[in-house]
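Report on the following structure.
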Amino acid sequence: ARIGELLAESDSLDAAAMARIQTDSVNTFAPVLVEALLNQSFYLLIVFVLPIPWQMLVVQKVYDQISGMLGHAGYEHFASPAGRRPSPLASTVFHDQHHGYFRYNFAHTFSVWDRLMGTLHPRYDDTVAGFERVIARRSAQ
């Protein structure tokens, strides 16, 4: 479901703050040129530092691009108990909250480090639970 629709129907969200989020799958490929060069230089330099086969780097880069597009698409794909405490997995709203607040949710796929370091958004688990309730109501109709 689109995150905006879930926000409108959810009862446990700071909808005004989350409405500031403007992400889409194009954002994954549209950084500032210097940022893009720095981010991508990792793939050129890592082969000289670590003995990683180039094929594995290609697989990792494909995964990175696909997960980046899903994470910025504006749809909540993973609102389920697997996306909140005690699970270490993160849902799409996890990264959207990072774009909305910038001080929280620095990870991408797993929330472990943010939970350990105190950078998990205080309402992340409640937000995902609210999305779950909206999705359950829609499914029951």
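The values are calculated or read from the model by the stated rules, or taken from the named source; none is laboratory data. Keep in mind the model is a prediction, meaning the values are calculated, not measured. Virtual Cβ from ideal backbone geometry, glycine too; neighbours counted across all protein chains shown. The protein model used for the area step is the full one, side chains on, heavy atoms only, and it has no ligands, DNA or RNA in it. Shrake-Rupley method; radii C 1.70, N 1.55, O 1.52, S 1.80 Å.
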Please express the shape of the range 58-114 as an equivalent ellipsoid: the semi-axes are the square roots of 5 times the eigenvalues of the C-alpha gyration tensor, given largest first in whole angstrom. 18, 13, 12
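What number does the range 23-141 give for Rg over Rh if you use C-alpha atoms and the Kirkwood radius? Provide the component values of the computation, followed by the final result.
Values: Rg = 16.4 Å, Rh = 15.9 Å.
Checking Rg against Rh, the ratio lands at 1.03.
Calculate, for the range 50-112, the solvent-accessible area per residue in square angstrom, rolling a 1.4 angstrom probe over the heavy atoms of the protein chains. Walk me through the numbers on the way to the answer.
On the way: 3630 Å² over 63 residues.
It amounts to 58 Å² per residue over the range 50-112.
Can you give the FRET efficiency to the nearest 0.05 for Arg138 and Leu70, using r as the Cβ-Cβ distance and R₀ = 25 Å?
Values: r = 20 Å, r/R0 = 0.82.
Computed FRET efficiency for Arg138 and Leu70: 0.75.
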